[in-house]
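First the structure, in the form of structure tokens, and then the observations on it.
The values are calculated or read from the model by the stated rules, or taken from the named source; none is laboratory data. A quick note: this is a predicted structure, and the numbers were derived from the prediction, not measured. For neighbour counting, all protein chains shown are included, and Cβ atoms are generated from backbone atoms with ideal geometry for every residue, glycine included. Heads up: the accessible areas ignore ligands, DNA and RNA and are worked out on the full protein's heavy atoms, side chains in. Shrake-Rupley method; radii C 1.70, N 1.55, O 1.52, S 1.80 Å.
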Amino acid sequence: MRPLCSATLSSLGREVAQPGYDRGALQPGIVHLGIGAFMRAHLAVATEAALHAEGDLRWGIVGVSLRQPDTRDALAPQDGLYTVAVRDADDAGHARQRLQVIGCIESVLVAPEDPGAVLQAIAAPSTHIVSLTVTEKGYAHDPATRALKFDHPDVVHDLVHADAPRSAIGFIVHGLARRRAAGHGPLTLLSLDNLPSNGHTLQGLVLAFAERIDPPLAHWIASECTFPNSMVDRIVPRTTDADRARIDTQLGLHDAWPVMAEPFFDWAVEDRFAAGRPAWNLAGARFVADAAPFEALKLRMVNGAHSTIAYLGAMAGWQTVDAAIGQPALRRVVEAMMRDEIEPTLPALPGLDLAVYRASLLQRFANPALAHRTQQIAMDGSQKLPQRLLGTVRDRLAAGRPIARLGLAVAAWLHYLRGHDEQGRPYAIDDPLAADLAAIASSVEPLADAQSRARAFTLFAPVFGDLAGVPTLVDAIAPALESLRRRGVVSTLEALS
Ligand code: CS2
């Protein structure tokens, strides 16, 4: 099969959307750190739509892989082209996909091979936006306090290696130092990760790092560059070989690096750009004054529910989100958690009908064509729990309200840390704090009563912070922890619903 590349584009059928602008005239206006599947199905799709509609060719994307060369190795022979397969099911339940070839990625840099090229790209006068999807752990921060970990090995390294940083924060600050020295003007730093106040969080980390190495630089960044907050939402499961084969068949060409996504797309981003931006609204993005209420809605409802489904599903042996949400008892508990425990904590959003939002979310989870694996969502729990579940817990407890289902969700994560499912199948705990978590899990194991075990877990400060030992939280976690251990996922869910 011939490969997807510029020379073979003309052989694509009319049903496959493809770049309709002059790719050769694209300027590299965006440098994106963390060119993974999510970005390629979200920011790149929105940028592609803006390029088509506006013909404003300043917004080509230079992708950066901070670790692996695999994306560059796959995309370079394809001239940066790749396919987005939007998958769902028709009314009869048969999977279907709609294909689009994306052209806005001009090149991919592999940071460890050539860190200088990444710093130069950030400093280049044509660059107006540096965006990031590096996942929660990519911020090298303490998840509970969101402060930069100055003892993180990459941060320690980056403070003294201005020409060869490793971390996203190190690249940004050293790249901005070069930019300022060259007099190339400020730009926008745009976090697209699932963190609360992701722009403010990034700003705090960048300024803390810059302050350490060069206070006048920190001052320049603070006064000239902007860090809009944004809420991003699109389910993008990891692509499998079977997905690739299916996409190749429909494309009639071989694409080594396609991505899959659900039809749903959402992005609420604060309109504070230091040096312009593409018309992403043409792809459905919303430019807003304050992203906070959108973030709270999304992180608590979508991601809070997702993590709950992931831990319970992984334990029970439900391998995908649609299989898990297809279990009536799990669906009832997740729906009740959203309605009764999460929604009352959300700030008002004019025009939003939460019942409709909830119903459509459950429908998104039930998409049978995505096969989104529960184990994939289960990773990095220490980095995810604080903003997905514990913020909600904090608000509920402050209001004196019950948290039985949120307590189950937290207990599900703790129970998951034992490292094997209910059929006895082992799995690895994929988490930057895995060693600490394993130590706690084994020290907690011999404790006789669930109350003591639950309490001991909550003393883990990087995750629980000021919730350490809070009796109302411990009281909610303990019975769920005990029930998951003695009776298993299904009986626990049935007793709660
Ligand atoms: C998921 C998210 O992997 C995960 O942790 O919860 O990637 C989720 O699919 C997206 O945030 C949806 O917008």
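Which of the residues that make up region 173-193 are touching a strand residue (DSSP E or B) at 6+ places or on another chain (Cβ under 6 Å) and open to solvent by less than 10 Å² (accessible area, probe 1.4 Å)?
L187, T188, L189, L190, S191, L192
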Exercise. Filter region 435-452 down to residues that are within 18 Å of L385 (Cα to Cα) and touching a residue at least 12 places away in the same chain (Cβ under 8 Å), then give me how many there are.
Key: 5
Quiz item: For R373, which of the numbered conditions (1) under 22 Å from the mean Cα position of the chain (by Cα); (2) under 27 Å from E262 (Cα atoms); (3) crowded, with 23+ Cβ neighbours inside 10 Å fails to hold?
Solution: (3)
Quiz prompt | One residue from Y416, Y427 being touching a strand residue (DSSP E or B) at 6+ places or on another chain (Cβ under 8 Å) and either of a type in the set (S, T, Y) or under 14 Å from G488 (Cα atoms) (or both) | solution = Y427
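Of the residues that make up region 8-17, is at least one within 16 Å of the ligand (Cβ to nearest atom), in contact (Cβ under 8 Å) with a residue 40 or more places away in the chain and outside any strand (DSSP E or B)?
So far as region 8-17 goes, no, none of its residues is within 16 Å of the ligand (Cβ to nearest atom), in contact (Cβ under 8 Å) with a residue 40 or more places away in the chain and outside any strand (DSSP E or B).
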Quiz prompt | Which listed residue, of D475, D421, is open to solvent by less than 40 Å² (accessible area, probe 1.4 Å) and in the same structural domain as G304 (by TED's automatic domain parsing) | solution = D421
Self-check item: Tally, over region 389-411, of residues that are open to solvent by 10 Å² or more (accessible area, probe 1.4 Å) and either within 16 Å of the ligand (Cβ to nearest atom) or closer than 23 Å to A37 by Cβ (or both)
Solution: 1
Quiz item: Quick one: would you say G469 is closer than 17 Å to A144 by Cβ and among the small types (G, A, S)?
Solution: yes
Quiz item: Does R72 fit the bill of being open to solvent by 20 Å² or more (accessible area, probe 1.4 Å), within 22 Å of S191 (Cα to Cα) and either assigned to a strand (DSSP E or B) or in contact with a Gly (Cβ under 7 Å, 6 or more places away or on another chain) (or both)?
Solution: no
Quiz item: Is it fair to say V206 is of a type in the set (A, V, I, L, M) and within 16 Å of the ligand (Cβ to nearest atom)?
Solution: no
Exercise. Could you please give the count of residues in region 22-35 that are surrounded by fewer than 19 Cβ atoms within 10 Å (Cβ to Cβ) and in a loop (DSSP other than H, G, I, E, B)?
Key: 2
Quiz item: Which numbered condition trips up A428, out of (1) more than 25 Å from I342 (Cβ to Cβ); (2) modelled with pLDDT under 95?
Solution: (2)
Quiz prompt | Sole exception among (1) at pLDDT 95 or above; (2) touching a helix residue (DSSP H, G or I) at 6+ places or on another chain (Cβ under 9 Å); (3) not acidic (D, E) for V444, by number | solution = (1)
Quiz prompt | Spans of strands (runs of 3 or more DSSP E) in region 194-311 with at least 3 residues open to solvent by less than 40 Å² (accessible area, probe 1.4 Å) and touching a strand residue (DSSP E or B) at 6+ places or on another chain (Cβ under 9 Å) | solution = 230-233, 259-261, 266-270
Exercise. Specify which of the listed residues (P196, P237) is within 16 Å of the ligand (Cβ to nearest atom), more than 30 Å from R98 (Cα to Cα) and of a type outside the set (V, I, T).
Key: P196
Quiz item: When region 36-69 is examined, which residues are found to be outside any helix (DSSP H, G or I) and either crowded, with 21+ Cβ neighbours inside 10 Å or touching a Phe, Trp or Tyr at 6+ places or on another chain (Cβ under 8 Å) (or both)?
Solution: H42, G55, L57, W59, G60, I61, V62, G63, V64, S65, L66
Quiz item: Has region 88-103 got any residue that is more than 16 Å from the ligand (Cβ to nearest atom), touching a Lys or Arg at 6+ places or on another chain (Cβ under 9 Å) and open to solvent by less than 10 Å² (accessible area, probe 1.4 Å)?
Solution: yes
Quiz prompt | Lone qualifier among S223, S191 - being outside the structural domain of Q319 (by TED's automatic domain parsing), within 16 Å of the ligand (Cβ to nearest atom), out of contact with any Asp or Glu (no Cβ under 7 Å at 6 or more places or on another chain) and more than 26 Å from Q363 (Cβ to Cβ) | solution = S191
